[in-house]
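The values are calculated or read from the model by the stated rules, or taken from the named source; none is laboratory data. None of these values were measured; they are calculated from a predicted model. Neighbour counts run over all protein chains shown; Cβ positions are idealised from the backbone, glycine included. To get the accessible areas, we keep the full protein, side chains included, count just its heavy atoms, and leave off ligands, DNA and RNA. Shrake-Rupley method; radii C 1.70, N 1.55, O 1.52, S 1.80 Å.
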Amino acid sequence: MDNQNKLNIQIGTTQNTDGIYVEVTENGPYILHGKPKIVQQFIVPNQQGISINYQEGEEFEAKDATYICRCGLSQHKPYCDGSHKKATENGVDLTEKATFNPELLTAEVIEGPVVSLTDDEKLCAFARFCDNGKRIWNQVQDSTQNSVDLSVEMAHHCPSGRLIVWDENNQPIEDDNTSASVGIIEDVTNDLSGPYALWGGIPLKSANGEYYEVRNRQTICRCGQSSNKPFCDGTHASMRFQDGLPKQPKADGKVF
């Protein structure tokens, strides 16, 4: 990977050591480098309809350079089939709009008696793990160990990295064992398809050659309609994006 020494890495993030990174192409697809695992990740709700975990579905082959759709128009998702060439006439603008600034600069801080929370709302991917228990913003105000553990769990399931829990020493509580992978998010409760989730410190390279801040958890747009490209802004939910892929996780799919 070029310009490796110039990467800005968010505190608490461990960059993957497998040479895996994602490249945005100008008015075209993403290119996945380094053969990451590409797998459907279904948001699984409890009986109350609250998101509580993920279950894996179909896995897709990754090559040395895998071209995957970011315009939402491909008929061969998740792979690119060249449909981006007609993106403009289909009302899709693939221009990158996000800044390269560290995301924590725009995050709200919610302080609790044991842990604190940073919330960067513009990154919200509408996965709704934050609604468990008392909801994460209230849960961090509780000093019990159960509340702390639940707050951490909710944040770790937040695919976009919008939510980060911090310990009493102002250090982020992150999962260092997350392997680098690309999740194809599927929303069971709302019967729609979500963004790509980049797990495990995967760098994201802009079409202009500059790298965005490396974060443990990121979601990038694949419906073609986000106003914060390449990142997801939740628009897939309002447009009820459908990717045409299998609608159910595998019975023996990994739960995490």
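Given H placed 1.01 Å from N in the peptide plane, which residues other than close sequence neighbours of Gln41 have an amide H under 5 Å from its amide H? Result for Gln41 returns Gly57, Ile184, Ile185, Glu186.
Take the chain with all the other protein chains still there, run a 1.4 Å probe, and you get 46 Å² of accessible area per residue. Tell me, rounded to the nearest percent, the portion of alpha carbon pairs in the chain spaced more than 31 Å apart. Result for the distance tail: 20 percent. Accessible area of segment 1-93 with a 1.4 Å probe: how many percent of it is carbon plus sulfur? Taking all protein chains in place, segment 1-93 shows 42 percent carbon and sulfur surface. In segment 1-133, Cα pairs under 8 Å separated by at least six residues give a relative contact order of 20 percent. Could you tell me how many degrees, from 0 to 90 and to the nearest 10, lie between the Cα long axis of helix 145-157 and the main elongation axis, the longest principal axis, of the Cα atoms of the chain? Result, in degrees: 10. Note on Arg70: accessible area is roughly 10 Å² with a 1.4 Å probe, heavy atoms of protein only. Normalised by 2.2 N^0.38 Å, where N is the number of residues, the alpha-carbon radius of gyration of segment 28-136 equals 1.39. For segment 1-104, applying the loop criterion from DSSP together with a ceiling of 11 other beta carbons within 10 Å to the GluC sites (Glu not before Pro) yields Glu26, Glu61.
Relative contact order of segment 167-256, taken over Cα pairs closer than 8 Å and 6 or more residues apart, is 22 percent. Is there a pair in Lys97/Lys205; Lys35/Lys122; Lys37/Lys205; Lys86/Lys122; Lys86/Lys205 whose C-alpha atoms are over 21 Å apart, and which pairs would that be? Those over the limit are Lys35/Lys122; Lys86/Lys122; Lys86/Lys205. Could you please state, rounded to a whole Å, how far the C-alpha centre of segment 150-213 is from the C-alpha centre of segment 105-146? Rounded to whole Å, the Cα centres lie 15 Å apart.
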